[in-house]
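So the structure is just underneath, and the comments pick up after that.
The values are calculated or read from the model by the stated rules, or taken from the named source; none is laboratory data. Everything quoted here is computed from the prediction, not taken from an experiment. Here Cβ is always computed from backbone atoms with ideal geometry, including for glycine, and neighbour counts include all displayed protein chains.
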Amino acid sequence: MAHLGLGIGTSHAPQLSTPPEEWGQRARADRANAVLAYRGADHSFEELSRLRGAAFADECDLQRRRERHTRARAAIDELGRIVRESGVDVLVVVSSDHKETFTDELLPAFAVYWGDTVAHEPFTQEALDAMPPGLAIAEVANVPAESTVRRCHSELALHLIRETSAAGFDPGASRTLPAGRYGDHGIPHGWGFVLQQMLGGTAEIPIVPVFVNTFWEPNPPSPARCHDFGVALGAAIRSFPGDHTVGVVASGGLSHFVVDEELDRRFLSALQDDDAAYLRGLPAGLLRSGTSEMRNWIVVGAAVAGNGLRARVVDYLPCYRSEAGTGCGMGFVAWQPAGAAA
C-alpha cells in the first residue's frame, strides 16, 4: 500500500512574487475595497484603519518589507528542497479556485482532477492587462513562459475519488478542466505556484489536483467538514495499492486580505499540536476572503495526522502593505517524519 510520507503548507499570495518596492500596488486595491473581512465583519479601508488604530505604518517600512520578502523566498526554496529530498513519487496538491476554473455554472465543494495530464498556460497580455492592481506583476511567476503540459497521476486520483465517495463525500470528478476565466482549460494559480515557484517549474513529480471551494457561497465546506474530508483523503491515499510514497500540499492562506497575526499563530500551533478540536471548531465567519484558504491547510493537516509526521513551521511572516493592517500572513510548514533533517 502507499505511504503518506510528507505534508507541506505554503502561502501563495501575490506579495511573494512582487518586489517589496511594489507592494503598494495591492494596497491601492485595498483602499478601494469596501468589504475587507476582519474577524467576521466587513469594513471599508477607512473603517478598518480606525478600528485598528492605523497602527501598522511602521510595519510597511521598505527595509522591513525587504527583510520579510527575503525570508519568505528562502522559506519557499526550503520547502522545495524538502519535497525533492523526500523522494515522494506523487504530490496531492490541495488548493482553492478563485473562479479561474469552476464558476457558478458548477461550483463543487470538493473536486478531484483525474486526467493523465493537465495544461499549464501562460497569460495573454490581454488577461494581464485586465487584472486588478498588483496582480499582473505577480501572477506571471505562477505560469510557464510557454504552453506546458504537466504530468498527473490519474490512477491515484481515480482511487481518491472512489474512496472519498465511499466515505460519504462524493467529490466532483473532472477529467477535463473547464475552459475557465482565461479560456485555456489550464491549472489555476494555487497549483501553478507549487509547480513554478516551489518546484522551480520542473515536471519531475506528477500531481493530483484537489479543489476545495474555500471562497464562494453558497457551499464552502465548514472547517469540520474539511477536517473530515482530510481524514478520508489520508485514508484513501494509504489504501492505494503499490509501493508509492505520496506527499500532500496545502496551497494558500494564511490570513488575508487583512493580516491577523493572532489567528495565524494560533492556527499554526494547532497544526503542530494536531489540535483537531480547534481546527474543526474554527468559526466559519473567520474563514472569509483570502483567510478562507486555511481550509486547505485543515484538509492537509487532517490527512497527515497519525502518520508519524511532525509539523515544523519553517517560517511565519506577517507581510503588511498598509497602515490599516492589510496584507497577508505568510506561512510555510513541513510535516516530516520524526528525526528528519531540518
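Of all residues in the range 268-299, those that are closer than 12 Å to residue 223 by Cα, in a helix (DSSP H, G or I) and among the aliphatic types (A, V, I, L, M) total 8.
Quick one: would you say residue 316 is closer than 15 Å to residue 38 by Cβ, of a type in the set (Phe, Trp, Tyr) and either in contact with a Gly (Cβ under 6 Å, 6 or more places away or on another chain) or crowded, with 17+ Cβ neighbours inside 10 Å (or both)? It is false that residue 316 is closer than 15 Å to residue 38 by Cβ, of a type in the set (Phe, Trp, Tyr) and either in contact with a Gly (Cβ under 6 Å, 6 or more places away or on another chain) or crowded, with 17+ Cβ neighbours inside 10 Å (or both). Looking at the structure I just gave you, is residue 325 within 15 Å of the chain's Cα centre (by Cα) and modelled with pLDDT of 95 or more? No, not satisfied. Residue 104 fails exactly one of the following numbered conditions: (1) loosely packed, with under 14 Cβ neighbours inside 10 Å; (2) modelled with pLDDT of 95 or more; (3) under 24 Å from the mean Cα position of the chain (by Cα); (4) of a type in the set (Asp, Glu). What is the number of that condition? It is condition (2) that residue 104 fails.
Yes or no, residue by residue, for (1) farther than 24 Å from residue 340 by Cα; (2) touching a strand residue (DSSP E or B) at 6+ places or on another chain (Cβ under 8 Å):
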position	(1), (2)
286	yes, no
289	yes, yes
295	yes, yes
310	no, yes
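Pairs are defined by a Cβ separation below 8 Å, a sequence spacing of at least 6 or placement on different chains, a first member in the range 235-253 that is surrounded by fewer than 24 Cβ atoms within 10 Å (Cβ to Cβ), and a second member that is polar (S, T, N, Q) and assigned to a loop (DSSP other than H, G, I, E, B); the pairs so defined are 238/307.
Condition (residue is hydrophobic (A, V, I, L, M, F, W, C) and more than 19 Å from residue 7 (Cβ to Cβ)) applied to the range 230-238: is it met by at least one residue? No: zero hits.
Which fully enclosed strands (runs of 3 or more DSSP E) of the range 126-239 have 2 or more residues being over 30 Å from residue 74 (Cα atoms)? Once the strands (runs of 3 or more DSSP E) in the range 126-239 are filtered for at least 2 residues that are over 30 Å from residue 74 (Cα atoms), what remains is 172-174.
Note on the range 30-58: among residues that are surrounded by 17 or more Cβ atoms within 10 Å (Cβ to Cβ), under 24 Å from the mean Cα position of the chain (by Cα) and not hydroxyl-bearing (Ser, Thr, Tyr), the one that is nearest to residue 159 (Cα to Cα) is 37.
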